[in-house]
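Student: Just dropping this structure here.
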Amino acid sequence: MKKIIQVKMGEIKISSAPDILVSNGMGSCVGLVLYDNKQKIGGLAHIMLPYCESSKNNEIQKGKYADHAIPFLFNQLLKKGANRKNMWAKMAGGSQMFAFDSENEMVRIGSRNSEKSKELLEQLSIPLIAADVGGNRGRTIQFALETGEFIIKTVQSGVNII
Amino acid sequence: MIKNLTPLQVDALREVGNIGSGNAATALAQFLDRKIDMKVPDIKVLPLEELPVMLGGEEKVIACILLRVLGEASGNILFLMEEHCMYNFLSMVFPQRKIYEIGELEKSAMKEVGNILAGSFLNAINRITNFNCIQSLPSFAMDMAGAVLTTALLQSGVTGSDVLFIETKFSEGDRDFLTNFFLVPDPGSLEKILESIGVDSHEEDNPGKDG
């Protein structure tokens, strides 16, 4: 039975084909999938912020910060039997919804999220094979674990499949 | 981060909301040069995560005006309007125009109303607390509720905190429009507001009254 699994803000969900991982209404958040395309298992992290400034590690919600979420997702997939040689990543999100004329770093949170995510993927040597990031639109994302297709829906510019 | 507000504190915030809505109706009437009626606002203090659900789901399209609050009680102010309310509102601003899409002029009008309404609410907060908070320039976005809200909130670095939510229904003749006003205080700001109203949490710590 095909299950549709919701991944809310700050969550990480892992599953296998034919399930679909979904996150609705993403703005500056980044949805990042890691996928083993041979065994068809993968996971989606709904990342909110690039890194954690607090030192209290035990209280951290794993999916919230890129610097925790991506290594955590990677290790969980390895534990589930994924092979890192078959693994690739796709990501979407990281929008700037509001156009402020500001030099405030916090405002660029969307691009900081996607930059940090890219950097972490490089560190883990996972290829990022496709991305739909930036811009000023909200996205709803669906990752089909059967096909590895990442479906991105927006209000203004329709559907994009990467 | 305030998790459990006492009933007295919620009442104090309600009062701020009431005064603010009253100011807003007056300001709107002046801006539009016509009589604006107002229903008694519905005021709640809620956790952030409940907002998209309350507004009809994460994918529902909403118009949002975001302003930053600077001063003693810094934070963000958000105004949300559903699409049809926005069109109702714009038809009052531009009685001569048929509005089919949201262009630069319409965006500018929405930003202006955000400015006016935020000023009205900030005025209420300033008067009650003796603070001198001011607002930044407004910014407009129209997209999925989830995307707009989370981005607006992440920009202030607030997650997992409570927000003050004020739903006010304004009407003019047979047209009405609902505005959802949110004050999203930065960490520490809500405490400052409550303290200066004289209902700070320390003396109200009553473990038996949780929730």
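Student: Pick out the one residue from B:Ile128, B:Ile166 that is within 13 Å of the chain's Cα centre (by Cα) and more than 12 Å from every other protein chain (Cβ to nearest Cβ).
Tutor: Values: B:Ile128 fails: within 13 Å of the chain's Cα centre (by Cα).
Unique residue meeting the criteria: B:Ile166.
Student: Can you find a residue that is touching a strand residue (DSSP E or B) at 6+ places or on another chain (Cβ under 6 Å), buried (at least 16 other Cβ atoms within 10 Å of the Cβ) and within 14 Å of chain A (Cβ to nearest Cβ) anywhere in the range B:26-37?
Tutor: no
Student: Sticking with this one: Here is a list of conditions, (1) open to solvent by 70 Å² or more (accessible area, probe 1.4 Å); (2) within 14 Å of another protein chain (Cβ to nearest Cβ); (3) modelled with pLDDT of 90 or more, and A:Gly93 meets all of them except one; can you say which number that is?
Tutor: Status for A:Gly93: all satisfied but (1).
Student: When residues of the range B:79-99 are filtered for being under 24 Å from B:Glu58 (Cα atoms) and outside any helix (DSSP H, G or I), how many remain?
Tutor: Of the residues in the range B:79-99, 4 are under 24 Å from B:Glu58 (Cα atoms) and outside any helix (DSSP H, G or I).
Student: Take the range A:110-140 and flag every residue that is within 11 Å of chain B (Cβ to nearest Cβ) and outside any loop (DSSP other than H, G, I, E, B).
Tutor: Within the range A:110-140, A:Gly110, A:Arg112, A:Asn113, A:Arg139, A:Thr140 qualify.
Student: For A:Lys153, indicate whether it is open to solvent by 40 Å² or more (accessible area, probe 1.4 Å) and closer than 20 Å to B:Val61 by Cβ. Can you show your working first?
Tutor: Numbers: open to solvent by 40 Å² or more (accessible area, probe 1.4 Å): yes; closer than 20 Å to B:Val61 by Cβ: yes.
It is true that A:Lys153 is open to solvent by 40 Å² or more (accessible area, probe 1.4 Å) and closer than 20 Å to B:Val61 by Cβ.
Student: Identify the single condition in (1) among the small types (Gly, Ala, Ser); (2) part of a helix (DSSP H, G or I); (3) at pLDDT below 90 that A:Ser54 does not satisfy, given that it satisfies every other one.
Tutor: For A:Ser54, the failing item is (2).
Student: Out of the residues in the range A:7-36 that are in a strand (DSSP E or B) and facing chain B (nearest Cβ under 10 Å), which is surrounded by the most Cβ atoms within 10 Å (Cβ to Cβ)?
Tutor: Among them, the one singled out is A:Met26.
Student: Right, another one. Anything in the range A:57-70 that is modelled with pLDDT under 80 and within 11 Å of the chain's Cα centre (by Cα)? List them, or say none.
Tutor: Selection gives A:Gly63 alone.
Student: Any residue in the range A:110-122 that is more than 17 Å from A:Met9 (Cα to Cα) sitting within a Cβ distance under 8 Å of a residue that is crowded, with 22+ Cβ neighbours inside 10 Å and β-branched (Val, Ile, Thr)? List the pairs, counting only those 6 or more apart or interchain.
Tutor: A:Leu120/A:Ile70; A:Leu121/A:Ile70
Student: Something else: Please state which of the following conditions B:Gln96 fails to meet, knowing it meets all the rest: (1) open to solvent by 40 Å² or more (accessible area, probe 1.4 Å); (2) under 18 Å from the mean Cα position of the chain (by Cα).
Tutor: Against the list (1) open to solvent by 40 Å² or more (accessible area, probe 1.4 Å); (2) under 18 Å from the mean Cα position of the chain (by Cα), B:Gln96 comes up short only on (2).
Student: I'd like to check something: does the range A:60-79 contain any residue that is without any contact (Cβ under 8 Å) to a residue 12 or more places away in the chain, away from every other protein chain (no Cβ under 14 Å) and of a type in the set (A, V, I, L, M)?
Tutor: Initially, the range A:60-79 is screened for residues without any contact (Cβ under 8 Å) to a residue 12 or more places away in the chain, giving A:60, A:75, A:78-79.
Right, trim to away from every other protein chain (no Cβ under 14 Å) and you get A:75, A:78-79.
Still in the list and also of a type in the set (A, V, I, L, M): A:78.
Checked against the condition, which is being without any contact (Cβ under 8 Å) to a residue 12 or more places away in the chain, away from every other protein chain (no Cβ under 14 Å) and of a type in the set (A, V, I, L, M), the range A:60-79 yields at least one hit.
Student: Which condition number in (1) within 14 Å of chain B (Cβ to nearest Cβ); (2) surrounded by 16 or more Cβ atoms within 10 Å (Cβ to Cβ); (3) hydroxyl-bearing (Ser, Thr, Tyr) is the one that A:Tyr51 fails?
Tutor: Against the list (1) within 14 Å of chain B (Cβ to nearest Cβ); (2) surrounded by 16 or more Cβ atoms within 10 Å (Cβ to Cβ); (3) hydroxyl-bearing (Ser, Thr, Tyr), A:Tyr51 comes up short only on (2).
Student: With the requirement that a residue be within 14 Å of chain A (Cβ to nearest Cβ) and touching an Asp or Glu at 6+ places or on another chain (Cβ under 8 Å), what does the range B:38-52 give you?
Tutor: If the condition is that a residue be within 14 Å of chain A (Cβ to nearest Cβ) and touching an Asp or Glu at 6+ places or on another chain (Cβ under 8 Å), then B:Pro47, B:Leu48, B:Pro52 are the ones that fit.
Student: Would you be able to say whether some residue in the range B:62-69 is touching a residue at least 12 places away in the same chain (Cβ under 8 Å), surrounded by fewer than 17 Cβ atoms within 10 Å (Cβ to Cβ) and either closer than 19 Å to B:Glu167 by Cα or away from every other protein chain (no Cβ under 14 Å) (or both)?
Tutor: No, that holds for no residue.
Student: How many residues does the range B:125-151 hold that are in a helix (DSSP H, G or I) and either surrounded by 20 or more Cβ atoms within 10 Å (Cβ to Cβ) or β-branched (Val, Ile, Thr) (or both)?
Tutor: Selection size over the range B:125-151: 10.
The values are calculated or read from the model by the stated rules, or taken from the named source; none is laboratory data. Just so you know, these numbers come straight off a predicted model, no measurement behind them. Glycine gets a Cβ as well: all are built from the backbone with ideal geometry, and neighbour counts include every protein chain shown. Heavy atoms of the whole protein, side chains included, go into the accessibility calculation; ligands, DNA and RNA do not. Shrake-Rupley method; radii C 1.70, N 1.55, O 1.52, S 1.80 Å.
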